[in-house]
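Visitor: Sharing a structure below in structure tokens format, with a few things to ask.
The values are calculated or read from the model by the stated rules, or taken from the named source; none is laboratory data. From a predicted model like this one, the values you see are computed outputs, not experimental measurements. Methodologically, a virtual Cβ is constructed for each residue, glycine included, from the backbone with ideal geometry; neighbour enumeration extends over all protein chains shown. To get the accessible areas, we keep the full protein, side chains included, count just its heavy atoms, and leave off ligands, DNA and RNA. Shrake-Rupley method; radii C 1.70, N 1.55, O 1.52, S 1.80 Å.
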Amino acid sequence: NSRWVLTRTTYEGQEYISSVQRGNVCATQFHPEKSGRTGLNFLKGFLESVEDGTLSKTTPIPVNPNEHTQLVKRVVVALDVRSNDAGDLVVTKGDQYDVREKDEEGTAGRGGVRNLGKPVGLAARYYEEGADEIAFLNITSFRQGVIEDMPMLQVLEEASKCIFVPLTVGGGIRSYTDPDSGTVYSALEVASRYFRAGADKVSIGSDSVTAAEDYVKSGGKKMGTTSIETISQVYGVQAVVISIDPKRVYVASREGVDKKHTVVSLEGDRQQGPNGEKYCWYQCTVKGGREARDICAVTVAKAAEALGAGEIMLNCIDMDGQCKGFDHALMNAVSSAVTIPVIASSGAGNEGHFVDVFKGTGVQAALAAGMFHRKEVEIGSVKKRMEECGIRARIIG
């Protein structure tokens, strides 16, 4: 049925049929309610044509067999959300995961929580400015349960009323026992509460590291009970994002490093070790970077994909808040080891950093926070630079 083909699209070098047409009926996989103004205009046009009786008067779309489309690279904005010392929910930003200002003596990490604005207002602004996705990261949720975290759930509910691009929420996606009632909540129940509040994806952090450790120990056997498995089985792999928080462990050579860790070369990398080390492996952490585990980022990524994750948000503690660019060595090591999309995170400070990571690594999206919050760089200028450098981006009119 080649005559039914309407468009072909290329994704990471692989061409596929992205839409078909027969007569005046077109079919494609499309979420207009999550496609910004274009999607809203699509819905509006459909409803208006039904109302005025013109829907049946449509004609087939001309087919150009030589025209090919491609998926754009995505620009994602992250909002780290937590309560400040007054109990208000605010957007903050860490410097290597420290979200507090300096105190009066200039000591880092002892002042008040860095306040960059209100979550819903900032997210709405980023949607209007052209963000392709928005991620709310509840960075203190490991200390409490999500089911009772009404402020964060209310943020999602309000944001979903005015934002029409995918919303990801992370923090506390795990099974836990309520300390007061003794009620046990599964990770699936926690995720379901977030989905009902308006989330399109959930981001699993510390729990994904534990799941990967168990997967490796079992010799690659799926237990069917991890948060990754249970959530993806119900909501689909596209709804499960794994957030990995690794830090560099510098080594002088590949020799002497446990073979279970993937060692990468830093030859020519601007972030060589303090003693000139030209190699490192990326050690995963949990609990907001507070606790290191003996497992590398590549191993966690591969295990997460096998268990049912659909995307990886790849952070780097060493680059966080430094505004010196993304960690290309890390991005290449992980993106080359998995087939699911990777979101580059940590280190963006200007438009060129997005161009560099898209041209220099295999990631499909790049994320920034602080430079957007502080209005140092506009989303539109990032996408303009991408287009100027031959990287396709979604440009809003």
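Visitor: Whole percent per 5 Å bin, from 0 to the bin with the longest distance: what is P(r) over all C-alpha pairs of region 147-242?
Guide: 2, 13, 23, 22, 18, 11, 6, 3, 1, 0
Visitor: If ligands, DNA and RNA are left out, what is the accessible area of Thr339 with a 1.4 Å probe, given in Å² to the nearest 10?
Guide: My reading of the accessible area for Thr339 is about 120 Å².
Visitor: Another question, then. Please state the equivalent ellipsoid semi-axes for region 305-397: what are the square roots of 5 times the Cα gyration tensor eigenvalues, largest first, in whole Å?
Guide: Taking √(5λ) for each eigenvalue gives 22, 16, 12 Å, largest first.
Visitor: Just to confirm the number: angle between the C-alpha axis of helix 206-217 and the first principal axis of the chain, 0 to 90 degrees, nearest 10?
Guide: Taking Cα atoms only, the helix is inclined about 80 degrees.
Visitor: At 7 Å along the Cα-to-beta-carbon direction for both Arg290 and Arg392, put a label point, then send me their distance in nm to one decimal.
Guide: Going from the Arg290 label point to the Arg392 one covers 4.5 nm.
Visitor: Give, in nm to one decimal, the length gained when the segment between Asn66 and Cys162 is fully stretched (0.36 nm per residue of separation minus the Cα-Cα distance).
Guide: Gain in length upon complete extension: 30.8 nm.
Visitor: Given the options Phe46, Phe136, Phe164, state which has the largest fluctuation in a GNM of the chain using a 10 Å cut-off (strictly under) for Cα springs.
Guide: Maximum fluctuation in the GNM of the chain, among the listed residues, is at Phe46.
Visitor: Can you tell me the FRET efficiency between Leu47 and Thr339 if r is taken as the Cβ-Cβ distance and R0 is 56 Å, rounded to the nearest 0.05?
Guide: 0.90
Visitor: Give the relative contact order (percent, whole number) for the chain; include only Cα pairs under 8 Å separated by 6+ residues. Before the final figure, lay out the partial values.
Guide: Values: 788 pairs, mean separation 55.0, N = 397.
Over the chain, the number comes to 14 percent.
Visitor: Residue by residue through region 59-70, what is 3J(HN,Hα) from phi via Karplus (6.51 cos²θ - 1.76 cosθ + 1.60, θ = phi - 60°)? Round to whole Hz and write x for glycine and proline.
Guide: Each residue of region 59-70 in turn: 10, x, 7, x, 9, 10, x, 8, 8, 10, 9, 9 Hz.
Visitor: What's the FRET efficiency of Gln14 with Gln238 using the Cβ-Cβ distance as r and R₀ = 25 Å, to the nearest 0.05?
Guide: Calculated value: 0.90.
Visitor: Of the labelled options (i) 22.5; (ii) 21.8; (iii) 24.7, which one gives Kirkwood radius over Cα pairs in Å as computed for this structure?
Guide: (i)
Visitor: Which order, highest average first, do 22-29, 203-210 follow once you tally other Cβ atoms within 10 Å for each residue and take the mean per peptide?
Guide: The peptides rank, most packed first, as 203-210, 22-29.
Visitor: Separate question: Report the net charge of residues surrounding Pro246, where surrounding means a beta-carbon distance below 13 angstrom and charges are Lys +1, Arg +1, Asp -1, Glu -1. Can you show the working numbers first?
Guide: Details: positive: Lys247, Arg248, Arg293; negative: Asp245, Glu291, Asp294, Asp318, Asp320, Asp327.
Counting the neighbours of Pro246, the net charge comes to -3.
Visitor: Set the Förster radius R0 to 35 Å, insert the Cβ-Cβ distance between Asp180 and Lys118 as r into 1/(1 + (r/R0)^6), and round the FRET efficiency to 0.05.
Guide: In this case the efficiency is close to 0.75.
Visitor: Over the chain, what percent of the accessible surface lies on carbon and sulfur atoms, probe 1.4 Å?
Guide: 49 percent
Visitor: Starting from the Cα gyration tensor of region 203-344, take the square roots of the eigenvalues, sort them a ≥ b ≥ c, and report rounded, prolate or oblate (rounded when a/c is under 1.5, otherwise prolate if a/b is larger than b/c, else oblate).
Guide: Details: a/c = 2.10, a/b = 1.64, b/c = 1.28.
Prolate, since a/c reaches 1.5 and a/b exceeds b/c.
Visitor: Which ³J(HN,Hα) values, rounded to whole Hz and listed in residue order, are derived for region 158-168 from phi using the Karplus coefficients 6.51, -1.76 and 1.60 in 6.51 cos²θ - 1.76 cosθ + 1.60 with θ = phi - 60°, glycine and proline given as x?
Guide: Rounded to whole hertz, the list is 6, 5, 5, 7, 10, 10, 10, 10, x, 10, 10.
Visitor: Further question on the same structure: Could you give the length gained on full extension between Thr225 and Lys259, defined as 0.36 nm per residue of separation minus the Cα-Cα distance, in nm?
Guide: Details: separation 34, 0.36 × 34 = 12.24 nm, distance 2.81 nm.
Full-extension gain reported as 9.4 nm.
Visitor: While we're on this one: Among the listed pairs Lys44/Lys161; Lys324/Lys375; Lys324/Lys384; Lys247/Lys375; Lys324/Lys359; Lys259/Lys359, give every one whose C-alpha distance is greater than 25 Å.
Guide: Lys247/Lys375; Lys259/Lys359
Visitor: List the residues whose amide H sits under 5 Å from the amide H of Ala337, counting only those 5 or more places along or on another chain, with H placed 1.01 Å from N in the peptide plane.
Guide: Answer set, sorted by chain and number: none.
Visitor: Beyond 18 Å, what percent of the Cα pairs of region 221-304 remain?
Guide: Cα-Cα pairs of region 221-304 separated by over 18 Å account for 54 percent.
Visitor: Which listed residue (Ser227, Trp281, Ala337) has the Cα farthest towards the positive end of the charge dipole for the chain, taking +1 on Lys and Arg C-beta and -1 on Asp and Glu C-beta about the Cα centre?
Guide: Positive-end residue among those listed: Ala337.
Visitor: Additional query: Given the C-alpha centroids of region 334-396 and region 210-265, what is the distance between them in whole angstrom?
Guide: 24 Å
Visitor: Per DSSP H run of at least 4 residues, take -39500 (n - 2.57); add these up for the chain, divide by its residues and hand me the 222 nm value, nearest 500 deg cm²/dmol.
Guide: Working: 11 runs with 116 residues, N = 397.
Theoretical 222 nm ellipticity from helices: -8500 deg cm²/dmol.
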